[in-house]
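What follows is a short report on a single structure.
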Amino acid sequence: VVTLRDKIYVVGGFEQPGFSNLMNLAITASVEEYDPSTDRWTSKAPMPVGLHHAGIGVTGGRLYVNGGYTQSGVGVWQPGAMMYAYDPATDTWAECAPMPTARGALSVTEHEGQLYAIGGYDRKANSAAVEVYDPAHNTWASRAALPTPRDHLATATVSGKVYAIGGRRNGDYQRNLSVTEVYDPAIDRWVRVADLPTARSGITASEVGGRVYVFGGEDGEGTFRENEAYNPVRDTWQTMAPM
């Protein structure tokens, strides 16, 4: 899910399994747009391929989807490196340069017009890859590796710094992490900061008013309703109203 031009887009994932999607094993290429001003959903042009656990980001008025897992034979966990750009003005998709490292369950955040693809899992091991996409030149560049490789993490950008939060080791939600690390693009360096109070993965994060809010997640016992906010100035977390 991502926000673009005051609309909310839900991209890919799994559908409820049924006869109509038996051939693609319920992986969907669907794209749906929500307009909060009218409280309406609209179906948009589907992705070129069905993807789940993909990275998604916005820059330059376009929506970018990269990596994730695709169908391979009778399996649904083939890691990919593909990247596609969606233009809401024309409701069309275009193929972009692929990521150097194929992976799914990664996280993407934007900084100064570029997209940072961080972490993930290639179904064999966690990736420490931090790869930056420049849409102006359709090129990728590698940056300092993530100190704690992980998947199903959340990322956010605040005041010119990139944060990698929580996640799990090797796709196992019995091995959730509370690790929070911050990247400074100016010096290409990661450092560890205060841990997320509740170790969890499959989370989402959003920056509001200079703080990062981390919502939900899952572990072996079920799902989380937690909402915890990080203050980068004080390097502290605060427990907020749960979902």
Of the accessible area of the range 196-243, computed with a 1.4 Å probe and all protein chains kept, carbon and sulfur make up a percent value of 47
Cα pair distances of the range 1-117 binned at 5 Å [whole percent]: 2, 11, 22, 24, 20, 13, 6, 2, 0
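Take the solvent-accessible surface of the protein heavy atoms, probe 1.4 Å, and return the percent of it on the range 1-131 that carbon and sulfur atoms account for.
Roughly 51 percent of what the probe reaches on the range 1-131 is carbon or sulfur.
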Accessible area per residue of the chain at 1.4 Å probe, in Å²? 48
Which whole-number percent gives the relative contact order of the chain, counting Cα pairs below 8 Å spaced six or more residues apart? 10
Mind jotting down the three principal axis lengths of the chain based on Cα atoms? Whole angstrom, largest first. 49, 42, 40
Any idea how far the Cα center of the range 152-224 sits from the one of the range 100-139, in Å? 15
Can you order the peptides 94-103, 151-160 by their average number of other Cβ atoms within 10 Å per residue, highest first? 151-160, 94-103
Say R0 is 41 Å: what FRET efficiency, to the nearest 0.05, do D39 and A94 get from their beta-carbon distance? 0.85
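The values are calculated or read from the model by the stated rules, or taken from the named source; none is laboratory data. Note that the structure is predicted; figures quoted are calculated from it, not measured. Every residue, glycine among them, receives a Cβ derived from its backbone with ideal geometry; neighbour counts consider all protein chains shown. The accessibility values were calculated without ligands, DNA or RNA, using every heavy atom of the protein model including side chains. Shrake-Rupley method; radii C 1.70, N 1.55, O 1.52, S 1.80 Å.
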